[in-house]
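Data first, discussion second: the structure below is written as structure tokens.
The values are calculated or read from the model by the stated rules, or taken from the named source; none is laboratory data. Quick caveat, the model's predicted, so the values are computed rather than measured. Methodologically, a virtual Cβ is constructed for each residue, glycine included, from the backbone with ideal geometry; neighbour enumeration extends over all protein chains shown.
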Amino acid sequence: MSCEEIKTIIPLYIKHTATEEDISKVEEHLCICDTCRQYLAQLMDKPNAIPAITAPRIQEETLPAIPAGKDSNILEYIMLGIGVVVLLFVVFLLIKG
Ligand SMILES: [Zn+2]
């Protein structure tokens, strides 16, 4: 296996998500390769530098807006009706006065 191949497995190796086959390949390679040993040490030092290999986070679905119930519509009509009645009453008083 080439160093490039090993370097792609090393993040999995650190996170213990590599297959047993891969683990043995990495360990064999690390015995004979200084470069990859240093690469492994680097990643161990900086876990944040490990490329993201985990599944993307599932985005929380936003709940659809709850439509206004019929009750609130009826209330609006009642308020509107009262407003109109009051307005007509005021106009009536003005005309009469
Ligand atoms: Zn190597």
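Here are the numbers for the structure shown:
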| item | result |
| --- | --- |
| Test: residue in segment 24-37 that is under 36 Å from the mean Cα position of the chain (by Cα), within 16 Å of the ligand (Cβ to nearest atom) and at pLDDT below 95 | no |
| Yes/no for ILE50 being at pLDDT below 85, away from the ligand (no atom under 16 Å from the Cβ) and in contact with a Leu (Cβ under 6 Å, 6 or more places away or on another chain) | yes |
